[in-house]
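Here's the structure, in structure tokens; my notes come after.
The values are calculated or read from the model by the stated rules, or taken from the named source; none is laboratory data. Since the model is a prediction, treat every value here as computed from it, not as a measurement. Note that each Cβ is placed from the backbone with ideal geometry, even for glycine, and that neighbours are counted across all protein chains shown. Heavy atoms of the whole protein, side chains included, go into the accessibility calculation; ligands, DNA and RNA do not. Shrake-Rupley method; radii C 1.70, N 1.55, O 1.52, S 1.80 Å.
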Amino acid sequence: MTTERAKKKSDVAWLAGVHVPVSWRRTKVKHLVSEMRAGDAITSERIEDSGNVPVYGGNGVRGFTEAPTHDGVHVLIGRQGALCGNVHLAKGAFWASEHAIVSTPARNVDARWLAHLLRTMYLGQYSVTAAQPGIGVAQISALDAYLPSLEEQEAIADFLDEQTSRIDTLISKQNQLIDTLRERRAAVISHAVEHRAPNTVLRRHLRGIRQGWSPNCYPESADGVDEWGILKTGCSNGGIFRPWENKRLPDGEEPRREHAVVQGEIVMSRANTRGFVGSPAVVRGNYPKLMLSDLNYGLKTRETLSADYAVYVLVGRRARREIEGRAKGSSPSMQKLSQGDVLALPIFVPAIHEQQEIVGHLDEQTSRIDALITKTQEHIALAKERRAALTTAVVTGQIDVCAAGRAVT
């Protein structure tokens, strides 16, 4: 292959302004596959935590089952959910659920190259459903693409497999560091709030508990101040309130002002994954147009209980064991906590001045750890950006891996 390949300007939407090698043939995604269809429905009762046959849903593996629907090498595309359009390469025997689109590469198409190509196309942008994001086979099939020779595809896939693997290893190590920091944070909190046994239950120190509502929402976020929005369940994960994790209320939907979050109250996840169900956080700031969803509880404490102290207790290890033991659900991916279980949570409540001293100490200690976590998350974000930029540059021919001899760029 020549190292001086001429370029031509692309008029394919996702390649706007990019020049691709003239030897690459313009085509459609539907011509890159021999078959593309949604997977088969499977009930949660048939999905186990371990096994030999992975079950792929809308965002990768969601568990295991006893028998496969497919075998071989296929490219899977998330069909529904907030992360619809994500791409996974599946090898061997697996079950593809109805939330995934199974793409079987055509005879002259390398499956690894196809997966890299589809990732650069950011398929989620073609989602057409407001309340529940979704993308269909017809939409993906009709998209334009450019096809290099099989030899070039394999060279591109080899190069990207090697380079992205290095980046993924770095990201994995950074995630391990975050896990270690979070464990340290939990240990610091537990040491401060669990040196005495519970002496009461949460209900005795609450003014009330309420649950939000569940309207159909747009998948994009509202700003929480100028637009009406609904909190997502992850807004309180880890004990830190995240007001940007919300969904925008559709135009014309009448807001229910009685569900608006209140500054100083505790927001708690009513339903979430096993590790985060019952996760609480204090609302910081004023968000008059941000409302609780039906997946959240709002807790207002009495004068005898500091909301900040309560959150530290409830994210401690002892309380987490209690919460996860009370939560119910058919799958680890969705556990629910009843109001009765929340109210009955055992808690040690000292005098209010002692609570304030504990909160001051923990604020100082956890802020240092949180700063390290934030910095590590920034490193991960930069690594992911580099991974995406490198993949796009190689898949569109901006980096000629054949000419470069697979050198690091």
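So for region 95-102 (the condition being in a strand (DSSP E or B), farther than 20 Å from P332 by Cβ and touching an Asp or Glu at 6+ places or on another chain (Cβ under 6 Å)), does at least one residue qualify? No, region 95-102 contains no residue that is in a strand (DSSP E or B), farther than 20 Å from P332 by Cβ and touching an Asp or Glu at 6+ places or on another chain (Cβ under 6 Å).
Criterion first (without any contact (Cβ under 8 Å) to a residue 24 or more places away in the chain, farther than 30 Å from I156 by Cα and assigned to a helix (DSSP H, G or I)) does A371 satisfy it?
So A371 passes the test.
For region 80-107, filtered to residues that are farther than 20 Å from G134 by Cα and without any contact (Cβ under 8 Å) to a residue 40 or more places away in the chain, the residue that is surrounded by the most Cβ atoms within 10 Å (Cβ to Cβ) is A90.
For first residues located in region 241-252 and farther than 13 Å from M291 by Cβ, partners that are assigned to a loop (DSSP other than H, G, I, E, B) and modelled with pLDDT of 80 or more and lie 6+ apart or on another chain with Cβ distances below 7 Å form the pairs F241/V283; F241/R284; E245/K232. Among the residues of region 277-322, just one is open to solvent by 40 Å² or more (accessible area, probe 1.4 Å), assigned to a helix (DSSP H, G or I) and within 11 Å of I266 (Cα to Cα), namely D308.
If you check V73, V128, which single one turns out to be at pLDDT below 90 and open to solvent by 60 Å² or more (accessible area, probe 1.4 Å)? Steps first, answer last, please.
Working: V73 fails: at pLDDT below 90.
The unique qualifying residue is V128.
Could you tell me whether any residue of region 200-212 is assigned to a helix (DSSP H, G or I) and within 30 Å of E378 (Cβ to Cβ)? Checking region 200-212: not a single residue is assigned to a helix (DSSP H, G or I) and within 30 Å of E378 (Cβ to Cβ).
Of all residues in region 220-265, those satisfying the criterion of being open to solvent by 30 Å² or more (accessible area, probe 1.4 Å) and among the small types (G, A, S) are S221, G238, G252, G264. Of the residues contained in region 36-50, one or more are found to be open to solvent by less than 30 Å² (accessible area, probe 1.4 Å) and out of contact with any Phe, Trp or Tyr (no Cβ under 9 Å at 6 or more places or on another chain). The residue that is most open to solvent (accessible area, probe 1.4 Å), among those in region 54-69 that are outside any loop (DSSP other than H, G, I, E, B) and under 22 Å from R119 (Cα atoms), is R62.
Does A389 satisfy the condition of being under 30 Å from Y122 (Cβ atoms), without any contact (Cβ under 8 Å) to a residue 24 or more places away in the chain and either open to solvent by 20 Å² or more (accessible area, probe 1.4 Å) or over 29 Å from the mean Cα position of the chain (by Cα) (or both)? Answer is yes for this residue.
Regarding A186, is this residue in a helix (DSSP H, G or I), open to solvent by 20 Å² or more (accessible area, probe 1.4 Å) and among the small types (G, A, S)? Considered against the rule, which asks whether it is in a helix (DSSP H, G or I), open to solvent by 20 Å² or more (accessible area, probe 1.4 Å) and among the small types (G, A, S), A186 comes out as yes.
Rundown of residues vs (1) within 20 Å of V109 (Cα to Cα); (2) in contact (Cβ under 8 Å) with a residue 60 or more places away in the chain; (3) not polar (S, T, N, Q), yes/no style:
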{"position": "E154", "(1), (2), (3)": "yes, no, yes"}
{"position": "S165", "(1), (2), (3)": "no, no, no"}
{"position": "I171", "(1), (2), (3)": "no, yes, yes"}
{"position": "R184", "(1), (2), (3)": "no, yes, yes"}
{"position": "V188", "(1), (2), (3)": "no, yes, yes"}
{"position": "R203", "(1), (2), (3)": "no, yes, yes"}
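Residues of region 239-253 include none that is touching a Gly at 6+ places or on another chain (Cβ under 8 Å) and at pLDDT 90 or above.
Return yes or no: is R203 modelled with pLDDT under 85 and closer than 28 Å to G325 by Cα?
For R203, the condition - modelled with pLDDT under 85 and closer than 28 Å to G325 by Cα - is not met.
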